[in-house]
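> I'd like to ask you about the structure that follows.
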Amino acid sequence: MTITRRNILASAGATVASALLSRTAFAQSFPFTPNQRYPDPAVQILDPSFAKYRLYSSTVEQVSTGMRWAEGPAYFPEGGYLLFSDIPNNRIMKFDEKTNQTSVFRANANYANGNARDRQGRLVTCEHSVTRRITRTEKDGKITVLADKFEGKRLNAPNDIVVKSDDSIWFTDPIFGINGEWEGKKEKPEQAATNVYRIAKDGKITAVLTDVVNPNGLAFSPDEKKLYVVEWKGTPNRSIWSYDVGADGTLGGKTKLIDAADQGSIDGFRVDRDGNLWCGWGSNGALQAEPSDVGGRKVFQLKGKSEDLDGVMVFSPAGKVLAFIRLPERCANLTFGGPKNNRLYMASCHSVYALYVEAHGAV
């Protein structure tokens with residue numbers, strides 16, 4: 001081919017378009033400029049003990065954008081990629097670390113929400129609506145249904161999921177995926193409560209918690225002697241409860257570990273090897289009791305400002321706040337990944353952000 005200015009411009013345009021399309025998923029994409037200075041002011045140390053986890057020369061990066069509601073990130077070290085859900089668009093996405101490209105891993109994903117990697121490297125997924133089940137994707141791509149009913153009645157809307165070292169699978173089952181049309185199909189719940197379930201290695205399903213109002217994120221402590229569960233409502237604020245885990249999988253010793261107060265919203269979270277809880281954070285949408293004047297209209301505004309709440313809040317194993325990672329979007333869920341398990345991936349509304357830290361995921 002003869003090299004001309006037109007060829008060069010066309011090639012450059014195609015390259016730029018390809019780069020842009022690799023990072024977007026054809027929905028709502030937003031520009032993001034990382035901070036050029038070290039340390040990144042987005043990492044706010046609220047207790048001096050967190051300083052050892054901050055990498056001085058690391059900044060928050062936007063690795064993917066173009067989703068409508070990014071959720072359920074799960075990292076697969078064998079392939080060096082991250083899978084995450086885009087719930088309203090009914091798909092699971094894949095971010096490849098080697099190419100920095102994002103692609104559709106699975107369309108028509110039954111409004112998948114939470115995802116996890118099991119101990120054999122397989123994907124386990126909470127199909128949030130329509131099918132309302134827990135599935136496992138085998139190495140050959142076939143899908144195995146692990147749970148879709150409890151005591152003969154359909155599950156509500158499986159939300160988040162974690163795999164214990166004994167190969168048992170634990171998941172939450174609120175009603176979010178069936179109480180409207182945005183994250184699935186509106187349907188009436190069949191279960192009398194919103195439970196937390198355990199699927200034993202032999203496939204037996206047990207409701208381990210039946211008194212939590214719309215349980216959401218969940219995770220184990222590094223020694224698996226504690227299970228942490230987010231309660232969406234009923235406390236009255238969003239909270240994380242801590243439970244003692246028995247050798248037989250039963251739970252006891254309920255203690256409130258974290259209370260998000262009347263403005264914050266805890267969603268998904270992960271635990272690092274030291275037992276710290278890294279929690280997706282943002283506004284809970286609560287309104288002020290009285291309206292204020294905005295352009296001549298009486299408007300009920302949010303309690304607090306979203307821009308002051310959006311990000312990741314880090315707590316010690318005792319529930320003490322340690323740090324806040326400020327993001328331009330509300331963080332729904334997160335996970336540790338990367339070759340050294342020290343890259344924090346944060347699924348945040350329309351985008352996925354990443355930050356290298358001096359902490360490592362416990363699982």
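> Taking the Cα-to-Cβ direction at Glu61 and at Asp259 and moving 7 Å from each Cα, how far apart do the two end points lie in nm?
Going from the Glu61 label point to the Asp259 one covers 4.0 nm.
> Return one quarter of the surface area of the convex hull spanned by the alpha-carbon atoms of segment 171-311, equal to its mean projected area, in nm².
11.1 nm²
> Another question about this same structure. How many lysine pairs are close in segment 149-274, with Cα atoms under 13 Å apart and the two 8 or more places apart or on different chains?
Within segment 149-274, the lysine pair count is 8.
> To the nearest 20 debye, what is the magnitude of the charge dipole of segment 76-181 about its Cα centre, counting +1 on the Cβ of each Lys and Arg and -1 on the Cβ of each Asp and Glu?
200 debye
> Using helices alone, what [θ] at 222 nm do you get for the chain, with -39,500 (n - 2.57) per DSSP H run of 4 or more residues, divided over all residues and rounded to the nearest 500?
The helix-only estimate for the chain comes to -2000 deg cm²/dmol at 222 nm.
> Please list, or write none, the lysines whose alpha carbon is within less than 24 Å of the alpha carbon of Lys52, excluding same-chain residues fewer than 8 places away.
Partners found: Lys320, Lys340.
> Only sites in a loop by DSSP and with at most 11 other Cβ atoms within 10 Å count here; which trypsin sites (Lys or Arg not before Pro) in segment 267-363 make the cut?
Lys305, Lys340
> How much length is gained if the chain between Val299 and Ser221 is pulled fully straight, taking 0.36 nm per residue apart and subtracting their Cα-Cα distance, in nm to one decimal? Display every interim value, and only then the final one.
Numbers: separation 78, 0.36 × 78 = 28.08 nm, distance 4.29 nm.
The span from Val299 to Ser221 would gain 23.8 nm if fully extended.
> For segment 131-143, just list the computed ³J(HN,Hα) in residue order, Karplus coefficients 6.51, -1.76 and 1.60, θ = phi - 60°, integers in Hz, with x standing in for Gly and Pro.
Values, residue by residue: 7, 6, 8, 9, 10, 10, 8, 6, 4, 8, x, 5, 10 Hz.
> If I compute solvent accessible area with a 1.4 Å probe over the protein chains, what percent of it on segment 208-363 is carbon and sulfur?
Working: 3170 of 6180 Å².
Within segment 208-363, the accessible surface is 51 percent carbon and sulfur.
> Would you calculate the separation in nanometres between label points at Tyr356 and Asp202, each defined as 7 Å from the Cα along the Cα-to-beta-carbon direction?
Rounded to a tenth, the inter-label distance reads 4.7 nm.
> Give the distance, in whole Å, between the Cα centre of segment 45-104 and the Cα centre of segment 254-308.
A separation of 22 Å, based on Cα centres.
> Want the number for Lys139 to Lys153: 0.36 nm per residue separation, take away the alpha-carbon distance, what's left?
2.1 nm
> Place a label point 7 angstrom from the Cα of Ala107 along the Cα-to-Cβ direction, then list the residues of segment 81-101 whose backbone nitrogen is under 14 Å away.
Counting only backbone N, you get 89-93.
> While we're looking at this one, here's another question. If you roll a 1.4 Å probe over the heavy atoms of the protein chains, what accessible area per residue do you get for segment 167-315, in Å²?
Here the per-residue accessible area is 46 Å².
> Relative contact order (percent) for the chain, with alpha-carbon contacts under 8 angstrom and 6 or more residues of separation?
Over the chain, the number comes to 15 percent.
> Could I ask something else about it? For segment 257-271, in order, what is each residue's ³J(HN,Hα) by Karplus, 6.51 cos²θ - 1.76 cosθ + 1.60 with θ = phi - 60°, in whole Hz (x at glycine and Pro)?
8, 9, 10, 7, 6, 8, 10, x, 9, 8, 10, x, 7, 9, 10
> Take the Cα radius of gyration of segment 243-354 and divide it by 2.2 N^0.38 Å, with N its residue count; two decimals is plenty. Show your work: numbers first, answer last.
Numbers: Rg = 17.1 Å, N = 112, 2.2 N^0.38 = 13.2 Å.
Segment 243-354 yields a ratio of 1.29.
The values are calculated or read from the model by the stated rules, or taken from the named source; none is laboratory data. Nothing here was measured: the structure is a model prediction, and the numbers come from that model. In this analysis, Cβ positions are derived from the backbone assuming ideal geometry, glycine residues included, and neighbour counts consider all displayed protein chains. With ligands, DNA and RNA removed, areas are computed over all heavy atoms of the protein, side chains included. Shrake-Rupley method; radii C 1.70, N 1.55, O 1.52, S 1.80 Å.
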